[in-house]
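Some notes on the structure that comes next.
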Amino acid sequence: NAGVTQTPKFQVLKTGQSMTLQCAQDMNHEYMSWYRQDPGMGLRLIHYSVGAGITDQGEVPNGYNVSRSTTEDFPLRLLSAAPSQTSVYFCASRPGTGTSTDTQYFGPGTRLTVL
Amino acid sequence: AQKVTQAQTEISVVEKEDVTLDCVYETRDTTYYLFWYKQPPSGELVFLIRRNSFDEQNEISGRYSWNFQKSTSSFNFTITASQVVDSAVYFCALSEASRGSNYQLIWGAGTKLIIKP
């Protein structure tokens, strides 16, 4: 198992550019989520998905879109990048959505800089 | 409202000292889960422990131990005989079981632990 994989590891964008952060997991997990981590703060939830075809907003969804066409993949799209989106982005997955086995497994992160 | 507070922004100790990282949480749920994650300088997030609200037994894993006290809403983490490799940022997190929460994680701001040789 590769676990949770994220690409790219680093990315620099100019204001207004769009891009997609990729996330994939090979553990057949139902639940996937995207977090951003800013200095001095814990992780904040951007979007999450409880299964293929189902997504919902987290705490800080503005400026980001997601889709979940397959169980394995959960890409995060920045439509028009802004400097405020400079952050480290983590994708996570966990086995179920309503069970006690809810330990989340994290990808290695994507460090995004928007100039 | 749910909240996790890690009041210690940074702790610095000399190797072999014991160190305790504090975590205080707020929730209205009776069923919830508490977690600790480690983020070493390399940046990845490493799961350390999960505790459910009905299990107040303390847990020990090698040099790591966790003290869960519902009476004070705390879930503190102690490293005994610290080592340089323990240097990292440690996060405490809360997951509620209430309807609609989808067991989302609420994170503390993290405590940066520096172990000096």
Worksheet entry | chain B, relative contact order in percent, only Cα pairs under 8 angstrom and at least six apart counted | 37 percent
Item to complete: For residue B:16, go through the aspartates and glutamates and keep the ones whose alpha-carbon is under 15 Å away, minus same-chain ones fewer than eight residues off.
Response: B:86
Worksheet item: How many percent of Cα pairs in region B:42-110 exceed 14 Å?
Response: 67 percent
Discussion item. Between residue A:10 and residue A:113, what is the label-point separation in nm under the 7 Å Cα-to-beta-carbon projection?
Written reply: 0.8 nm
Worksheet item: Past the 32 Å Cα-Cα mark, which pairs from A:14/B:116; A:14/B:3; A:9/B:70; A:9/B:116?
Response: A:14/B:116; A:14/B:3; A:9/B:70
Fill in: Most positive-pole-ward Cα, B:49, B:64, A:35, against dipole of the protein assembly as shown from beta carbon charges
A:35
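Quick one: what do you get for the protein assembly as shown if you divide its Cα Rg by 2.2 N^0.38 Å?
1.02
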Response to the item:
So for R0 = 25 Å, FRET eff. of residue A:79-residue B:98 from the Cβ-Cβ r, to 0.05, ends up at 0.20
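May I ask for the equivalent-ellipsoid semi-axes of chain A, computed as the square root of five times each C-alpha gyration tensor eigenvalue and listed largest first in whole Å?
They are 23, 14, 13 Å, listed largest first.
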Item to complete: Return the average number of partner chain Cβ atoms within 10 angstrom of each residue Cβ along peptide B:106-113.
Response: 3
Practice prompt. Starting from the Cα coordinates of region B:1-86, work out the convex hull volume and express it per residue in Å³.
Written response: 108 Å³
Fill in: Förster radius 35 Å - calculated FRET efficiency between residue A:44 and residue B:13, Cβ distance, rounded to 0.05
0.75
Worksheet entry | Heavy atoms of residue B:22 accessible to a 1.4 Å probe, total area in Å² rounded to 10 | 60 Å²
Item to complete: Report the relative contact order of region A:1-60, percent, no decimals, based on alpha-carbon pairs under 8 angstrom and at least 6 residues apart.
Response: 25 percent
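The values are calculated or read from the model by the stated rules, or taken from the named source; none is laboratory data. Nothing here was measured: the structure is a model prediction, and the numbers come from that model. Here Cβ is always computed from backbone atoms with ideal geometry, including for glycine, and neighbour counts include all displayed protein chains. Ligands, DNA and RNA are excluded from the accessible area calculation, which covers all protein heavy atoms including side chains. Shrake-Rupley method; radii C 1.70, N 1.55, O 1.52, S 1.80 Å.
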